[in-house]
Amino acid sequence: MYHKRLSTPVFLMCSERSGSNLITRIFGAHPEFFAPSPAHLFRVFSQLAPGRDLSCEILRMFDAKLGIWKSDDFSPEERKALLAESGTTAEMIATLLNAEGALQQKSRLFLKENSAHSFLPFMEAVADEPGYVHMVRDPRDMAVSWVAAPTLRGGIVRAARRWLSDTEGALKAGQEGRQIVRLTYEALVSQPEETLRRVCSELGVAFSDVMLKHVGNSQGVAQDAARTALWGNLSREIMRDNFNKFKGKLSDDEIAYIEALCGPLMARFGYENSRAADAPPYGSHDSFDALEAALEAREPWEKSAYQKLPQDERDRLEHWSTLRQELVDQHGTS
């Protein structure tokens, strides 16, 4: 039976489109770490009412995940048996993760969960001596990537709000006493070895050269890259110049909005405002509220590029979203 607690896991805090999948796959190449593609089980089930047997629902969500795990080869009966001796919902999720680690013959988990700062206690309840990594990307580049992602609803406004929420949440997690290793996406891609050596040192693990060759050494990279547009870059080596892309892609109003909303936290991570000091603070508008309203009115709820995705990819995404909403409706805490 696989253990229902996680031994010295590392939890990643990072916004979408900020390199979270890249650093996850890099750690997945490390000899000690398994880093499965995100199933988002902790995120989904942290929102549901405790005290119920949700084992069947966990397995349904596991089967609906976008990525490929080695434990996909288990039969439904074998997966059900895995959870039989796990008491709480979090313990069941930990058991599934430990089963994957055993199949990969690795002992430590590196876990990406979107907006992990908001449900850390749920994961920590089954984690022994957890570590934490927080990676942040220039919100202007993050917003460009968000807009380009066919599967993500919304545009500049939604991206900037998510960046702000996730960054504030990750900083608060550190203020609550956790020792968090922090890095920027730009440092990771431009100076990968130096940055990874520091991150490993602060986590108390040995750096491994194989981390720099994650494409061929991290479980499931090629398969997952082919399954969704969100992970398409995973099959490529580290793109060392993949920053400052927002210049020439965002309008002055869009840059003004992001810098007005995120500016104080941008400065904390070394991101300088790109607009001239004497430029109108809200672009072509008289106030921040007017600027936000104008941009929000143009936010795309569903993008035309989404309809161009392969039908099987859209089916998987829509099935996962439908199932998640069904669980929230049936078992939500409110």
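Looking only at the stretch 155-177, count every residue that is crowded, with 18+ Cβ neighbours inside 10 Å and over 17 Å from the mean Cα position of the chain (by Cα) and tell me the total. Qualifying residue count, the stretch 155-177: 3.
Return the residues of the stretch 3-24 that are crowded, with 18+ Cβ neighbours inside 10 Å and either modelled with pLDDT under 90 or of a type in the set (S, T, N, Q) (or both); say none if nothing qualifies.
Start the filter on the stretch 3-24 by keeping residues that are crowded, with 18+ Cβ neighbours inside 10 Å, which leaves 4, 6, 9-24.
Within the stretch 3-24, S15, S18, S20, N21, T24 qualify.
When you scan the stretch 148-169, how many residues do you find that are in a helix (DSSP H, G or I) and at pLDDT below 95? Residues that pass the stated criteria total 1. Within the stretch 112-119, the presence of at least one residue that is touching a strand residue (DSSP E or B) at 6+ places or on another chain (Cβ under 6 Å), crowded, with 18+ Cβ neighbours inside 10 Å and in a strand (DSSP E or B) is confirmed.
Considering R198, R140, the condition of being among the charged types (D, E, K, R) and open to solvent by 20 Å² or more (accessible area, probe 1.4 Å) is satisfied by R198 alone. Could you please find all residues in the stretch 276-321 being among the polar types (S, T, N, Q), open to solvent by 70 Å² or more (accessible area, probe 1.4 Å) and at pLDDT 95 or above? Across the stretch 276-321, the qualifying residue is only S284.
Being assigned to a helix (DSSP H, G or I) and either open to solvent by less than 10 Å² (accessible area, probe 1.4 Å) or in contact with an Asp or Glu (Cβ under 9 Å, 6 or more places away or on another chain) (or both) is the filter here; which residues of the stretch 25-56 pass it? Residues satisfying the conditions are R25, I26, F27, G28, L41, F42, R43, V44, F45.
The values are calculated or read from the model by the stated rules, or taken from the named source; none is laboratory data. Computed from a predicted model, the values in this text were never measured in an experiment. Virtual Cβ from ideal backbone geometry, glycine too; neighbours counted across all protein chains shown. Just so you know, the surface numbers come from the protein's heavy atoms only, side chains and all, with ligands and any DNA or RNA stripped out. Shrake-Rupley method; radii C 1.70, N 1.55, O 1.52, S 1.80 Å.
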